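Take a look at the structure set out below.
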Amino acid sequence: MRRGRLGATVAEILVWQVALSVLWLVLISTVDPLELFVGLGCALVGAVAAVAARRAVSGR
Amino acid sequence: MTDTLLLISLCAVAATATAAVLVRDPARQALVLSVLGLALAVLFTVLQAPDVALSQLAVGSALTPLLILLSVRKVRRRGRREEDGR
Amino acid sequence: MSRRLRMWILAVGALGFAALFCAACPRLPAFGGDSHPYGERAVRAALAHRTANVVAAVNFDQRAFDTLGEESILFASVLGTVVLLRQTREEREVPPAPARVPLPVRRYALLLLPVALVVGLYVVAHGQLSPGGGFQGGVVVATALHLLYIGADYRALERVRPVGVYEIGDAAGEGAYLVLGLAGLVAGSSFLANTVIGYGTFNTLASGGIVPLLNMTVGMEVACAVVVLLARFLDQAVEIEEESGR
Amino acid sequence: MNAWLVCASLLLVAGLLPVVWGTARGPLGHRVVAQNCGTSVVCLVMLLLAQGYERPAYTDLALVLAVLGPVGTLVFARLLSGELDEEPRWGRAVTALTVAATAPVVIASCAATGPGRAAVKVVFIGVLLAAGNVIASRTLSGAHRNPTETRYD
């Protein structure tokens, strides 16, 4: 069960990261490799926060 | 055109600031302060100072009301307890 | 020092100030005119270091030492709040009651939290390109974290937000600002000088040399400081109660 | 004579001054609804000013306000829930009006910016603002009816 839940969490973080990266692309004006790299980093931070928030609320 | 816009936003800030002073209850004053923050942000934007407007928006829209209302809640709970205590 | 005497001193001081102020005003350039002596120099210095947002250039390049002062003021005020609002002996900590929040608000808060976080980080990262910067972005990030308190209850927020980590982040942000300043000294020029790192190409994320880095440290420091500040206010308002025994 | 600035000043006069009047007077329930409406009005004014001054960077102001504005109203609804006495009859109408006002402003500024990421950004701001406004006003109206009626998880 532990591996199952870990897999689910990682998947959820990835989904959130992709969504937030798309949001980052919409926000920035010029697109270049450094912006994408910083965007992916910020999206990862946002994704981890989103999953942590959801689990804190659902009481697990 | 920008002068009329400047005049309007100045009047809005003046009106909101006066309202903020006239409202005495802290909880209701937090509401008027939030609208004052919005009026100030418009004034700063019209005066071509977006950074200052962004600071005002970031702080004034959610942070200041939260701080004021938490303080009001703490003071009110202490007040109510003193009445029970007596 | 009777009240009347204090009023007289105030009147004299105010009169002196009024006189000097009125003497100075006529020499100011007309409002909205085209001669901006300070503005032209600031824009020229900002463009020399290829920083698109002149305000960020003034904040973090030309007058970075003042920003260090402002940052220390924020740090000291949060420190003061932590000391003042600590839990005293006769107060006890009550675990916060779970609040009943309508379902749509909870979903909205959970969806908005990551979006607001990314918007805050976007504002911090693009401080030297578009309006924004470390302070504004830091406040947005900190407010985003507190969506959990609004969407759920304080118990959920506490589970996600270990205050100790944010206190360390607060101090680390302040320290990082100083270290970046010392890097200028180590590189042989003056404290907080913008000569250490290349200026990159104009209007890109890496432009402006030390400005984006200082923006990030200020962003981290302000975000952590506001989280610690709100933590103290929330503790006092929601959790800490006086001993009802007396 | 910039049409955008004319619209911005009209919206400012028609929107912000009644909001200030509504926030400073009347029962608490009316005031919070007025504050919620004020956030939307100023966010739309920011979008119009961004177009009027031809500075796309100003849309960041509207973005931050669209994100944090409704949160401010939710803070009021959450911490003043005990005192929210009665909801104004015109509460729903005002929310519908502001959401309806969001659409033309967003469509107009999208048309002006032309297709591309900037237009998507403006649409995103509009959607965020409308959603926040609706959620906040529903919370305010929900606060009056007994809590059991609103669905809880």
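Odds and ends about this structure:
- Degrees separating the helix B:64-85 axis from the principal Cα axis of chain B, which is the longest one: 20
- If R0 is 45 Å, the Cβ-Cβ spacing of C:Glu241 and C:Asp34 corresponds to a FRET efficiency of close to 0.15.
- Loop-resident trypsin sites (Lys or Arg not before Pro) (DSSP state other than H, G, I, E or B) in region C:87-193 with no more than 10 further Cβ atoms inside 10 Å of their Cβ: C:Arg89.
- Rounded tilt (10° steps) of A:2-27 against the dominant C-alpha axis of chain A: 20
- Helix runs (DSSP H) in chain D reaching 24 Å along axis by Cα, Kyte-Doolittle at least 1.6: D:59-79
- The label point for C:Val83 and the one for D:Trp90, both projected 7 Å from the Cα toward the Cβ, are 5.2 nm apart.
- FRET efficiency, D:Ala111 to B:Ser71 (Cβ-Cβ, R0 60 Å, nearest 0.05): 0.85
- Against the empirical curve 2.2 N^0.38 Å, the C-alpha radius of gyration of chain A lands at a ratio of 1.30.
- Ellipsoid fit via the Cα gyration tensor, region D:3-146: semi-axes of 28, 15, 11 Å, each the root of five times an eigenvalue, largest first.
- Cα gyration tensor of region C:3-242 - equivalent ellipsoid semi-axes, whole Å, descending: 38, 29, 19
- Prolate/oblate/rounded call for chain B, Cα gyration tensor, a/c under 1.5 rounded: oblate
- A straight chain from B:Leu22 to B:Arg80 at 0.36 nm per residue would run longer than the Cα-Cα distance by 18.3 nm.
- Kirkwood-type hydrodynamic radius, region C:183-223: 10.9 Å, calculated from all non-identical alpha-carbon pairs.
- Peptides D:64-77, C:4-17, ordered by how many other C-beta atoms sit within 10 Å of their residues on average, highest first, read D:64-77, C:4-17.
- In region C:37-133, GluC sites (Glu not before Pro) in a DSSP loop with at most 16 other beta-carbon atoms within 10 Å: C:Glu90
- The label point for C:Arg63 and the one for A:Thr9, both projected 7 Å from the Cα toward the Cβ, are 4.7 nm apart.
- Alpha carbon centroid spacing (whole Å) that separates region C:98-125 from region D:118-141: 13
- Residue-by-residue Karplus 3J(HN,Hα) for region C:146-155, coefficients 6.51, -1.76, 1.60, Hz, glycine and proline x: 7, 4, 5, 5, 6, x, 10, 9, 5, 4
- Taking Cα atoms only, the orientation of helix A:33-58 departs from the longest principal axis of chain A by about 30 degrees.
- Neighbour counting of Cβ atoms within 10 Å sorts the residues D:Val122, C:Val101, fewest neighbours leading, into C:Val101, D:Val122.
- Exposed trypsin sites (Lys or Arg not before Pro) absent: longest stretch of chain D, with sites in DSSP loops and at most 15 other Cβ within 10 Å deemed exposed: D:26-88
- Formal net charge of residues neighbouring C:Leu205 (Cβ-Cβ distance under 14 Å; K, R +1; D, E -1): -1
- For chain A, applying the loop criterion from DSSP together with a ceiling of 15 other beta carbons within 10 Å to the chymotrypsin sites (Phe, Trp or Tyr not before Pro) yields no site.
- With the largest listed first and rounded to whole Å, the semi-axes of the equivalent ellipsoid of the protein assembly as shown from the Cα gyration tensor are 34, 30, 28.
- Long hydrophobic helices in chain C, taken as whole DSSP H segments with a C-alpha length of 20 Å or more on their own axis and mean Kyte-Doolittle hydropathy at least 0.5: C:3-24, C:64-84, C:103-125, C:163-186, C:211-234.
No value in this document is a laboratory result; all are computed from the given coordinates. Treat the numbers as computed from the prediction; the structure is a model and nothing was measured. Note: ideal-geometry Cβ built from the backbone for every residue, glycine included; neighbour counts use all protein chains shown.
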